Structures are given as C-alpha cells and as structure tokens.
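Structure first, then comments.
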Amino acid sequence: METVLFDVSDGVATLTLNRPDNANAMNLEMTKELLDVAIACDEDSAVRCLLVTATGPMFSAGGDMKAFITADDTGRLLKTMTTYLHAAISRMARMDAPVVIAVNGTAAGAGLSLAAAGDFTLAAESAKFSFRYTAGGLSPDGSSSYFVPRSLGLRRTMELMITNRVLTAHEAAEWGLINRAVADDALLSEAETLARQLADGPTRAFGNVKRMLHATFSDTLESQMELEARLIADLTRTEDLAEGITAFIEKRPPEFKGR
C-alpha cells in the first residue's frame, strides 16, 4: 500500500496514515486503502482490536485540497472518495473488534471525522481539532454528522461545524469528542496498552455492545430490548461465554479467544 502502513500482531491490527509530507491528507488512494484495510480486519478473526494512528506531526488535515483543485471533475472525485471512506468507516463501526484511534497531532476535516468515529479515541495533549469544511466552502463528510452529534449534542456540533472553532485535546475530552488527552510522549504506549487489553477480551460481546449503541438513537424502547434479548442469547453459543462462566466458578481471570 502507498498511503498507509498496516500490521497485525498478537490480535492487534495497526493502521497508520502515512502521507506525512502532505499532512496525511486523504487522496483517492488513501480512501481506497482505508477500505481495503477495514475489510481485511473485518474478515480476519485474528484481528481483535484495530489501532489507528499516523506518522509525522499531524494526524490528518482532512481531504487533499490539491487533488480537488487539479481534478478534471471534482464532484466525481469527491463522490468516489466518500464512497471508499464511508464504506471503510462503516466496516470499522460494524465489525466486532473495537477501534482505538490515537490522534498524534492536528485532526481537521475528514481527519476529525475519522477520529470521532473511533470506539475509543485518545489524543496527544498538543493535538488540535477543527472541522474546517465550511472554511473551504464544503460541508462535512466522513460520518461526522452521525457520530459527533451523538457525542456532543446538536448545539455544540453546530458551533464546531459552522464556526470552525478549534478545540485543544483537553477541550475535546471535556466536551466528549474524545475519551482523554495524554502526554505526547505517552500517546502511543497508552493506545497500544488499551488495544492489547481489548484484544484479550470477548470480541463478539464487544461487537454486540457496538451494535446496540449504534441502534439506540433510532430504535424504540421495545425494539431495543428485543435487540438486547437476541444479542445476549446469541452469545450463549460462543466459546467465550463458556470460558467466562468457568473462570468465574474457578475464581480466575478468563482467557477469552474471541470465539
């Protein structure tokens, strides 16, 4: 792959945005490779957590504006790029494995959208967050109109998307956009520790939690409870449930396999 790095080790898949000389801005190739990696993770039962980070001083400046300017048909390019990017984010959201995002620097535009789509998002204290879409005459994409209002509420989301207010990492944590801000030199180690912890957990149960929470803002009370009933019953046929019960009876930590 040309724009990302990808590795799987001990249940943790690591995806690294790798266009540091271009502020890790997303071009057509990067969005396609994000989808390729998301599908690979979704299809590989050995992947029990996905960690997403970036090389260089920025997480991602968003879309590659230079590519937009030089495109023969910018509208067609954007529709193709968003098709890839949105499918990638959808696969990450729907797969059982939790997704940890480690924001190592500024996340703007689609970079912020990607950060907000993580199941767990940590950021370096020096990181900044800004939508920046409307500053270029664009409107948001990358799932941000879905995930961000669910985290921040309508008014704060409206303020960020229209005024392009810049949030520090600590402000982003206080607002609920990310889970927490950590020291710059501790970001990757903390993210990797969390990813390994999640990779050792009951992966299919984690997937059920993701499915339920994605549905909770659109389902009725009764349909949500029916979903809860079906999902918890499905887990009775997993090896992890048997291991969890046995470990509880034997008073020892469970050794989950994600099956």
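The values are calculated or read from the model by the stated rules, or taken from the named source; none is laboratory data. Please read all numbers here as calculations on a predicted model, not as lab measurements. Cβ coordinates were reconstructed from backbone atoms using ideal geometry, including for glycine residues, and neighbour counts include every protein chain displayed. These accessible areas exclude ligands, DNA and RNA; they are computed on the full protein's heavy atoms, side chains included. Shrake-Rupley method; radii C 1.70, N 1.55, O 1.52, S 1.80 Å.
Things to note:
- Between 0 and 90°, nearest 10: helix 74-94 axis offset from the chain longest Cα axis: 20
- GluC sites (Glu not before Pro) within the range 176-259: DSSP coil, no more than 12 neighbouring Cβ in 10 Å: GLU250, GLU255
- DSSP beta bridges in the chain [antiparallel fraction, %, rounded to 5]: 30
- Solvent exposure ordering (accessible area, 1.4 Å, most first) of THR70, THR134: THR70, THR134
- The portion of the accessible surface of the range 1-148 made up by carbon and sulfur, rounded to a whole percent, is 50 (1.4 Å probe; DNA, RNA and ligands excluded).
- Largest GNM mean-square fluctuation among GLY105, GLY153, GLY75, using the chain with Cα springs under 10 Å: GLY75.
- Given a 1.4 Å probe and the protein chains as shown, SER189 ends up with an accessible area of around 60 Å².
- Long pairs among LYS128/LYS257; LYS66/LYS210; LYS210/LYS257; LYS32/LYS257, criterion Cα-Cα beyond 26 Å: LYS128/LYS257; LYS66/LYS210; LYS32/LYS257
- In loop segments of the range 213-259 as defined by DSSP, the chymotrypsin sites (Phe, Trp or Tyr not before Pro) with at most 12 further C-beta atoms inside 10 Å of their C-beta are PHE217.
- Between the amide H of LYS128 and those of THR106, ALA107, distances stay under 5 Å, these residues lying 5 or more places away or on another chain, with hydrogens modeled in the peptide plane.
- Its alpha carbons give the range 105-258 an Rg and a Dmax of 18.8, 61 Å.
- Against the chain, whose longest principal axis is taken from its Cα atoms, helix 221-234 shows a tilt of about 60°.
- With every protein chain in place and a 1.4 angstrom probe, the accessible-area ranking of ILE101, ILE39, largest first, reads ILE39, ILE101.
- Average accessible surface area per residue within the range 199-259, 1.4 Å rolling probe, Å²: 69
- Cα centroid separation - the range 73-121 against the range 158-201, whole Å: 15
- Under-5 Å amide H pairs with THR121, H placed in peptide plane, nonlocal only: ILE101, ASN179, ARG180
- Expressed to the nearest 5 percent, the antiparallel share of DSSP beta bridges inside the range 1-113 is 35 percent.
- Excluding ligands, DNA and RNA, the accessible surface per residue across the range 59-138 is 39 Å² with a 1.4 Å probe.
- The mean sequence separation of alpha-carbon pairs under 8 Å and at least six residues apart, normalised by the residue count of the chain, gives a relative contact order of 17 percent.
- Working note: 222 nm ellipticity from helices only, DSSP H runs with n ≥ 4, each -39,500 (n - 2.57), summed and divided by the residues of the chain, gives -15000 deg cm²/dmol to the nearest 500.
- Degrees, to the nearest 10: 239-249 long Cα axis against longest axis of the chain: 60
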